[in-house]
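Quick note: the coordinates plus some simple rules give every number you see, no bench work behind them. Just so we're clear, the structure is a prediction, and the values are computed from it rather than from any experiment. All Cβ positions, even for glycine, are placed from backbone atoms using ideal geometry, and neighbour counts span all protein chains on display.
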Amino acid sequence: EEDPPQNLNCKLVDNFAIFVQVTLASIALGSLLIKRARENPRRPLVVWGFDTSKQALAAGGVHFSNVVIAYFSGKKSEESANPCIWYFLNILLDTTIGVGFLFGFLRGLHYIAGRLHVTEITSGQYGNPPRLTAWFKQFVLFLTAWFFVKLTVVILLDVFPFFAEFAKWLLAPLARSGDTRLQVIVVMLIFPLIMNICQAWLIDTIIRSSV
């Protein structure tokens, strides 16, 4: 099966795609407000804000890396040139096995930091009153863990090319439709919306004093 013409490949950084991405981020973070409302006991607002900001900032970095990876993977791949294929794969792996990798890397980083006698790194605990220094240390650990997750995902996609073939087959009806905006809506909004909300809830649970 041949790739669709270049002009039928989706675009991840035009105005429409950016609007879709902002919509996705707003909905995913809004779901955390709903989760907080259902918490028992409910975290103080400052603590919730610290937890959520760690996740939001890291998610922004991960999203940027996903767009960059998808763009360059599409450029170098002769079989799967459509960047939507690679973005789809990154979202799929990030929100499934990636959560397990994240938990494992966080465990490892916390162990190393503890051995180095770094303080205020217990996830979700910022002191009384909450201190920005504690938040920053935990954020650095969280972002570093995500860096290793993304590195692992990139290696998996490079070592196992069948992932790209599977995604190409799965998304073929969208590519054949000739509507690049439909590809963006499905790959960057509908699918990530479902997966990211589940991921956000899982990660928020990990962040809350559980590491």
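When the Gaussian network model of the chain links Cα atoms closer than 10 Å, the mean-square fluctuations of 158, 51, 94 top out at 158. The 3J(HN,Hα) values that the Karplus relation (6.51, -1.76, 1.60; θ = phi - 60°) gives for the stretch 46-57 are, in residue order, 5, 5, 4, x, 4, 4, 5, 5, 4, 5, 5, 5 Hz. Gly and Pro appear as x. Note on the chain: GNM, Cα springs under 10 Å; of 54, 35, 137, the largest mean-square fluctuation is that of 35.
For the chain, the dipole from Cβ point charges (+1 on Lys and Arg, -1 on Asp and Glu) about the Cα centre works out to 1000 debye, to the nearest 20.
Helix 15-37 and the longest principal axis of the Cα set of the chain meet at an angle near 30°.
From the Kirkwood radius over Cα pairs of the chain, Stokes-Einstein at 20 °C and 1.002 mPa s returns a whole-number translational diffusion coefficient of 118 µm²/s. Basic side chains Lys and Arg get +1 at the Cβ, acidic Asp and Glu get -1 at the Cβ, and with that the dipole of the stretch 91-210 about its Cα centre reaches some 220 debye. Label separation (residue 117 vs residue 57): 2.7 nm, computed from points 7 Å beyond Cα along the C-beta direction.
Helical content of the chain, expressed as a calculated mean residue ellipticity at 222 nm, amounts to -25000 deg cm²/dmol (DSSP H runs of 4 or more residues, -39,500 (n - 2.57) each, divided by residue number, nearest 500). Tell me which of 44, 92, 174 sits at the most positive position along the dipole axis of the stretch 6-207, charges placed on C-beta atoms (Lys, Arg +1; Asp, Glu -1). Farthest towards the positive pole: 44. For residue 184, neighbours were defined as the other residues whose beta-carbon sits under 10 Å from its Cβ, and their charges (Lys and Arg +1, Asp and Glu -1) total 0. Roughly speaking, what % of Cα-Cα pairs in the stretch 30-86 are separated by over 12 Å, rounded to a whole number? When every Cα pair of the stretch 30-86 is considered, 72 percent fall beyond 12 Å. Nearest 10 degrees, 0 to 90: what angle lies between the long axis of helix 83-94 and the longest principal axis of the chain (Cα atoms)? Its long axis makes an angle of about 30 degrees.
Once the Cα atoms are used to define both axes, helix 191-207 deviates from the longest principal axis of the chain by about 20 degrees. Considering the options 18, 111, 65, tell which one lies farthest towards the positive end of the dipole of the stretch 6-207, charges being +1 on Lys and Arg and -1 on Asp and Glu at the Cβ, about the Cα centre. Farthest along the dipole direction, towards plus: 111. Taking GluC sites (Glu not before Pro) in DSSP loop states with no more than 10 other Cβ atoms inside 10 Å as exposed sites, the chain has its longest site-free stretch at 79-211.
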